[in-house]
1. Which pairs break 31 Å Cα to Cα here: Lys61/Lys165; Lys165/Lys216; Lys61/Lys230; Lys203/Lys296; Lys216/Lys280; Lys216/Lys296?
2. Along region 178-194, what does the Karplus equation 6.51 cos²θ - 1.76 cosθ + 1.60 (θ = phi - 60°) give for ³J(HN,Hα), rounded to whole Hz, x for Gly and Pro?
3. Could you work out the local net charge near Glu171, counting Lys and Arg as +1, Asp and Glu as -1, over the other residues with Cβ closer than 9 Å to its Cβ?
4. Using a basic spin-label model with each label point 7 Å from the Cα along Cα→Cβ, how many nm lie between Val107 and Ile340?
5. Between Asn53 and Asp84, what is the spin-label point distance in nm, taking each point 7 Å from the Cα along the Cα→C-beta axis?
6. Given points 7 Å out from each Cα along the Cα-Cβ axis, report the Gln238 to Thr145 separation in nanometres with one decimal.
Amino acid sequence: MLQSNFRNTKFKLLCIMIVALFDAVISDGPYGCEDLDFGIYECDFRLVSTPFNSADFFPQKPQQLTLKYVNRPLTSGLFAAFADIDTDSFVMGGEPARLDIVCSYGVSLMMDPGAFTGLNWIQAVSFSRCQLVTFPESAFAAFGTLDSLAFYGGTLGNVDRDGLKGLNIAEDTSLFDPKGEIVFDRAQFSSGRIPFSFLSHAKNASSVILNSNGVKTIDALVLDGFFDLKRLTLSGQQFDSLPSDTFYGLDGLGHITMDRMPWECTCENAWFFTWAFVRKATLEGDLICNGPADYKGQRFRVFNNVLCPSVDEDSTATSIDLFGISMEIYDLVSYCVTIIALVISIIGLAIACHNKKRLSRVTPVETLTSVKIDKTNQSKVTGGVKGKFQTAVKKITKPVGKSKGNAWG
């Protein structure tokens, strides 16, 4: 009996070893990486050997790769061998091919511009709790187009204004849930500001999230050219007002979230309530007045409703809704003036053509007759004048009579 139990135990252990070995064979990856599911890998960056070799991921290539505990630089050529990955082999259709980088706590991360060469098939990228020492020019150009680029926590140091140059952010309609988003969620800009034109390279994005980034001032052109923008979050920042033309041209913007900011409550700073009302956009969140002192701690929405003119009474509104299209008033006036000038030009051209047509109807005979009539009239006039002149001369020169001693004698 004891011997039989021992044999059963040995058999079970053998089965477990075979299953483990089989699992290791069919779900192999480089040392330090674990295949969580078909094409979903998780790697401990402290253990893996770099640069990566795509041949080490077998049999399924990484459709989604998470690098944990990243504690050393992302150097050029790190993913160069991934350029030959056949995306047709991915089994999770409709799910994004993504790269997620999770940094070790308190570690400063260096990132070379060529670190992501070979990953132009990736559709979504995220950084979590990374203390980026630099954000170099064209840092993500190798990706080409991304459906999502996100930074969660950490800091962004020495951000180059062209850091996003060469990168396109746009909705990927091949995905089940296309986002077209760029996200800065609790990622601190160490300079306290978003560099001028930094976001302009991602102007095809549908969603921009700026949440708790330590931004103290914001430029009016921060979203210039974002004509496809549908959703915007501006929350948890340190500025107390927005320039009145921040949303200029963003006619597709339909959802705005603004809260957790120390707002300077004045009717002038409430312009975006009118902007949202006119465009039928949803405005979420609630700002709390930090000033003036009499209104400190009050909700800005209540302040606006009680003390500021309503949209109907506001004569300073700069736009109207015409046939469902939002237009600036001065743009509408410009269009009207252009149309009026065009109509006047057309009328003038028609009159000129009509006069030319009338003149072309006069025949040569009529022209000669008119010329003869003019000559006859001229003869009558000149003849009459000539006769009168000759009569006057004769009267002057005619002798009165002969007398003695007359010189005529």
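Just so you know, all these numbers are worked out from the coordinates, no wet-lab data involved. Because the structure is predicted, anything quoted here is derived from the model rather than measured. We place every Cβ from the backbone using ideal geometry, glycine too, and count neighbours over all the protein chains shown.
1. Going by Cα-Cα distance, Lys61/Lys230; Lys203/Lys296 fall outside the 31 Å limit.
2. x, 10, x, 10, 10, 10, 10, 10, 6, 8, 8, 7, 4, 7, x, 8, 8
3. -3
4. 6.9 nm
5. 1.1 nm
6. For Gln238 paired with Thr145, the spin-label model returns 3.8 nm.
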